[in-house]
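The values are calculated or read from the model by the stated rules, or taken from the named source; none is laboratory data. Because the structure is a prediction, the values reported are computed rather than measured. Here Cβ is always computed from backbone atoms with ideal geometry, including for glycine, and neighbour counts include all displayed protein chains.
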Amino acid sequence: MKKGVLGLVVLAVLLIGAIGIGGSFISARNSMALKSNQVDAAFSAIDVDLQRRADLIPNLVASVKGYAKVETDVLTKISEARSGLLQARTPDEKLAANDRLNAALLPLMRMQEAYPDLKSNQQFMRLEDELAGTENRIAVTRKRYNDAILDYNNTIAVFPNSVWASISGFKPKTTYYKADPGATTVPKVDFGN
């Protein structure tokens, strides 16, 4: 009779252990799935802001064309970079296309110095303000995206989640948004003009 009771105790301990491990797995997997979805949603927010910027650019370019007829090379590069952004599908492609568009937009903003009348054009100024606002929105959504990736990666890296992530196929996400290549260059300010 003592063997029967001992067998039941062992069975109960094994059953409780299996339920605990199963509960841990389900909880961790659900948490990782939610965090992975948060990363996707955060990237989607960036995508929306990039689309908004891409939609503003043709209007900005059209307002500049009236003043800067000789600057077709700059405007062509902007149009090509915008097209590349719209055609990009993966996060890596969109990051690269966004960097190309940022680089193409810099000369457009510098054109204001060469065309003083452009600075006083109300449509150009309104579009430039909208573009600046969109750039700020992109910066905020980039930070949220990077924070979501960090949270997700931290979640799948800690024990026991690392075991469950490996079993469930969750992998670290490595496509962080980084500063634009020109961001490390100190802008030149000249008050002599």
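Conditions tested, residue by residue: (1) touching a Leu at 6+ places or on another chain (Cβ under 8 Å); (2) at pLDDT 80 or above; (3) surrounded by fewer than 18 Cβ atoms within 10 Å (Cβ to Cβ).
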position: 29; (1), (2), (3): no, yes, yes
position: 56; (1), (2), (3): yes, yes, yes
position: 61; (1), (2), (3): yes, no, no
position: 64; (1), (2), (3): yes, no, no
position: 78; (1), (2), (3): yes, yes, no
position: 81; (1), (2), (3): yes, yes, no
position: 85; (1), (2), (3): yes, yes, no
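Number of residues in segment 80-91 that are part of a helix (DSSP H, G or I), within 14 Å of residue 50 (Cα to Cα) and either of a type in the set (Asp, Glu) or more than 11 Å from the chain's Cα centre (by Cα) (or both): the value is 7.
When segment 66-75 is filtered for residues that are part of a helix (DSSP H, G or I) and either modelled with pLDDT under 70 or hydrophobic (A, V, I, L, M, F, W, C) (or both), the ones remaining, listed by number, are 74, 75. Entry remark, segment 155-193: residues being surrounded by fewer than 14 Cβ atoms within 10 Å (Cβ to Cβ), modelled with pLDDT of 55 or more and in a loop (DSSP other than H, G, I, E, B) number 10 in total.
From the list 101, 95, the one residue that fits, being touching a Ser or Thr at 6+ places or on another chain (Cβ under 8 Å), touching a residue at least 12 places away in the same chain (Cβ under 8 Å) and among the hydrophobic types (A, V, I, L, M, F, W, C), is 95. The set of residues from segment 129-164 being over 24 Å from residue 95 (Cβ atoms) and in contact (Cβ under 8 Å) with a residue 40 or more places away in the chain comprises 160, 161, 164. Among residues of segment 30-44 that are closer than 17 Å to residue 90 by Cβ and in contact (Cβ under 8 Å) with a residue 60 or more places away in the chain, those with a Cβ under 7 angstrom from a residue that is assigned to a helix (DSSP H, G or I) and not hydroxyl-bearing (Ser, Thr, Tyr), sequence gap 6+ or separate chain, pair up as 39/148; 39/149; 42/144; 42/148; 43/91. The single condition from (1) surrounded by 17 or more Cβ atoms within 10 Å (Cβ to Cβ); (2) aliphatic (A, V, I, L, M); (3) at pLDDT 85 or above that residue 10 fails is (1).
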